[in-house]
1. Magnitude of the Cβ-charge dipole of the range B:144-264, K/R +1 and D/E -1, about the Cα centre, nearest 20 debye?
2. Quote the total accessible area buried by chains B and A together, excluding ligands, DNA and RNA, probe 1.4 Å, nearest 100 Å².
3. Given the C-alpha atoms of the range A:1-77, compute the convex hull and give its volume per residue in Å³.
4. Determine the equivalent ellipsoid of the range A:113-165 by diagonalising the alpha-carbon gyration tensor, then write out the semi-axes as square roots of 5 times the eigenvalues, largest first, rounded to whole Å.
5. Longer than 22 Å from Cα to Cα, which of B:LYS172/B:LYS214; A:LYS118/A:LYS154; A:LYS118/A:LYS145; A:LYS118/B:LYS73; B:LYS172/B:LYS202; A:LYS42/A:LYS145 are they? Say none if no pair is.
6. Between B:ASP194 and B:ALA82, what is the spin-label point distance in nm, taking each point 7 Å from the Cα along the Cα→C-beta axis?
7. May I ask for the Rg/Rh ratio of the range B:170-255, computed from Cα atoms with Rh as the Kirkwood radius, given to two decimals?
Amino acid sequence: MRDAAAFEALYDGFHRLVYGVALRILNETGAAEDVTQSVFLKLWSSPGLFQGGNFAAWIVRVTRNRSLDIVRSKAFNTDSELPEGLTESQGLEEIALAHLEASRVRAALAQLPEDQRKPIEMGFFEGVTHEEMARRTGVPLGTIKTRIRSGLHKLRMVLDGAVTA
Amino acid sequence: MMNSHDPFLDDVAVYALGALPPAEEGRVRAHLRGCAECRAEYALLNPAVTAVAYDAEACKTGENGPQVSSLLKARIMREVRASASSTTRAAESARTADPARARRPIVWPAYLVAAACFAFALISTTSNILLMGELRQTQTQLATTQDRVDATARRLANEHVMLADLMSTDAKRYATNDGEIVAHGDRLYIAMHDMPMPPRGKVYQAWTMPKGGKAVVPSVTFMPDRQGVAMVALPENASAVTMVAVSVEPDGGSKAPTSKPIAVVPLN
């Protein structure tokens, strides 16, 4: 049987993350709540969508996809399906990262140079492709990709330092 | 120093971020299956992408940002618990109907339950209190609604009996001006039409004369409807009454008639 108590614990542990991502993307509290509700209820009704690995990474991706679907459709009552199960790799470091304090992550992101932080935020929260970033900013496509990779590497290093600190 | 594989590694980073167009995503995914170096890069960068999401949590649900409504949890858990109870009932039915199916229970994957364990420390009793309060309120509303339903059902049943009595061919009818007194079995009714509305502050009151009595006793008060029709069930036993009268009385009724009766009907 599905365990409502276990589900409630999952909600308590991850709802702020889900809501935060949805709100950052949608910038509207009602729509963010709708997404949060739909993500968790879909998880309850179809737990097999999560096929193991890092749960935080998985639910973040699901929330981001659903929120971006809504932004793209410009219709807040859309009911797109969640993606099929997406296995996220799970290592000890990743588990540790997933349980970092949000404030530390924020500080780490703030340490990135603007030209690296901006494309990462645009890609993640706005769902903008690297090609679109290049068009908007006039920066060559290859440079955009390299900046994204460099930024993620630096973020990873900063976070590793925070985990081991 | 840049090597020939670096462009692929850049693509992997953009793929991990989720910023590749769909067509390119497929290409990178296919490459990842066969390239250990790129898989390692993806595994390295993916947690950093997840961390970006935690930045949203810090920004949007922090001290200065909007809080997640506690009602949201109540809403979600209400649906979850309703679904859980209906699933339990369905499973019971299935177990009865198909014993083989009973050996294949639907389970929540163990890794999801394990993931839930990460969060057990964060369980708050606040939402439970909220849910309990909501449950009690719903139970009270349900009880009130049930009372109304019962009262309506009783009223409809009484009206059904009254109509059946008034239309019964073996009822005893005693005519008066603009109406009649009807006795059917032990039940007694006043059925009037074209009754004028009584003056302001006044009502109609029925009176009955008990068998062997020397004076009328007060019965119910009533008002005609807008069409001047009044169908009233009297509480007295028809077999114990020898006369029915109606008079206009002050609102609330009188202990003895204070005006000349508009109808006096002996029950022979």
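The values are calculated or read from the model by the stated rules, or taken from the named source; none is laboratory data. Here the structure is a predicted model, which is why all the values come from computation and not from measurement. Virtual Cβ from ideal backbone geometry, glycine too; neighbours counted across all protein chains shown. Accessible surface areas use protein heavy atoms only, side chains included; no ligands, DNA or RNA. Shrake-Rupley method; radii C 1.70, N 1.55, O 1.52, S 1.80 Å.
1. 340
2. 6400
3. Enclosed volume per residue, from the Cα hull, is 90 Å³.
4. Output for the range A:113-165: semi-axes of 24, 11, 7 Å.
5. B:LYS172/B:LYS214; A:LYS118/B:LYS73; B:LYS172/B:LYS202; A:LYS42/A:LYS145
6. For B:ASP194 paired with B:ALA82, the spin-label model returns 5.6 nm.
7. With Rg and the Kirkwood Rh in hand, the quotient comes to 0.96.
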